[in-house]
1. Going through LYS87, LYS83 one at a time, which residue ends up being charged (D, E, K, R), over 17 Å from LYS46 (Cβ atoms) and assigned to a helix (DSSP H, G or I)?
2. Filter the strands (runs of 3 or more DSSP E) completely within segment 1-70 down to those with at least 2 residues that are in contact with a helix residue (DSSP H, G or I) (Cβ under 6 Å, 6 or more places away or on another chain) and β-branched (Val, Ile, Thr).
3. Kindly list, by first and then second residue, each pair from a residue in segment 39-57 that is under 18 Å from ASP8 (Cα atoms) to a residue that is at pLDDT 95 or above and hydroxyl-bearing (Ser, Thr, Tyr), limited to pairs with Cβ atoms under 7 Å and residues at least 6 apart or on different chains.
4. Take the residues in segment 5-27 that are surrounded by 16 or more Cβ atoms within 10 Å (Cβ to Cβ) and closer than 15 Å to LEU271 by Cα, then tell me which one is farthest from the chain's Cα centre (by Cα).
5. Taking into account only those residues within segment 55-71 that are aliphatic (A, V, I, L, M) and at pLDDT below 95, which is surrounded by the most Cβ atoms within 10 Å (Cβ to Cβ)?
6. Going through segment 184-224 one residue at a time, which ones are over 21 Å from LEU112 (Cβ atoms) and of a type in the set (Phe, Trp, Tyr)?
7. Restricting attention to segment 171-183, does a residue exist that is among the charged types (D, E, K, R), within 18 Å of PHE230 (Cα to Cα) and more than 14 Å from the chain's Cα centre (by Cα)?
Amino acid sequence: MNVVNVEDVRVLVMRVGGTNCDAETKRAFDELGAKAEVVHFNEMAKTKNLLDYNALVFPGGFSYGDYVRAGAIWATGTLTRLKADLKQFVDEGRPILGICNGFQVLVEAGLLPAFNGISEIPEATLATNIPIGYRCKWVYVRHENRGNCIFTKNIPKGKVIRIPVAHGEGRFLFSKEKEEEYLQKLIDNDQLVFRYCNKDGEPANGEFPTNPNGAYYDIAGICNPSGTVFGLMPHPERAFYGWHLPDWTKTENVPEYADGKLVFESVMDYLKKRF
């Protein structure tokens, strides 16, 4: 597909029972001029063609009730019914975004971190929060990427952004025997994107509540080696407009947009140039 104008960019926001914020995600892309469409996974698999779209989003929520493990059922279904098209999607450099539950889906499906391509066995996990419990709050994350991730091109390295989380299973982990090796790969490959931090940009060092879930190395978001598949636990679509900010009613000059817009702007810039 060749996209000449921004309005020709087609974004698929896929949903199933239990997902949420699909409408907010669609609105973010629509605001930037794209044609975003929310489509149920069953309809997608039966009557539509994934390759008709320029970008794919797995939104947040609790797909299929998060039975078995968060994101596991949706990941299995996606690989069963869309694996060939999904692989072509990745191979052609079409962006895939996983937000919260969508991040869990991408990890379970082997699309992240995907050190050597799509993995048959998950190379990481997003486990139950420590302390245990559902966490819905605004956090700070620091941008760690050096330019590889196409979803954060418009965010300077080291910039701290404010964005909300809402999850019960967001603790990013590698297996103990692979922790150091895989972390080094993330850093060497420029796959590390966001880390939890305080408002001054200092790492959380695993300390609650700055790190809201106990994630290893304070990891809040990563990308694949090509930078075109991105998963993060925070919700950029819930931090798109200035009136999304939790303290906007107490702010004298409310900004038109909030930090989450930077993620959507970055991928849209990529799409306008790439296709």
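1. Residue meeting the stated conditions: LYS87.
2. Numbers: elements: 10-15, 35-40, 55-58.
Correct list: 10-15.
3. If the second residue must be at pLDDT 95 or above and hydroxyl-bearing (Ser, Thr, Tyr), the pairs left are VAL57/THR25.
4. The qualifying residue farthest from the chain's Cα centre (by Cα) is ASP8.
5. In the first step, residues of segment 55-71 are kept if they are aliphatic (A, V, I, L, M); the result is 55-57, 68, 70.
If we keep only those that are at pLDDT below 95 as well, we get 68, 70.
Details: VAL68: 12, ALA70: 29.
In this case the residue turns out to be ALA70.
6. PHE208
7. Yes: one or more hits.
Yes/no per residue for (1) closer than 27 Å to ALA258 by Cα; (2) crowded, with 17+ Cβ neighbours inside 10 Å:
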| site | (1), (2) |
| --- | --- |
| ARG94 | yes, yes |
| ILE121 | no, no |
| ALA124 | no, yes |
| ILE130 | no, no |
| ILE161 | yes, yes |
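The values are calculated or read from the model by the stated rules, or taken from the named source; none is laboratory data. The structure displayed is predicted, hence computed values, not measured ones. With ideal geometry, Cβ positions are generated from the backbone for all residues, glycine too; neighbour counts draw on all protein chains shown.
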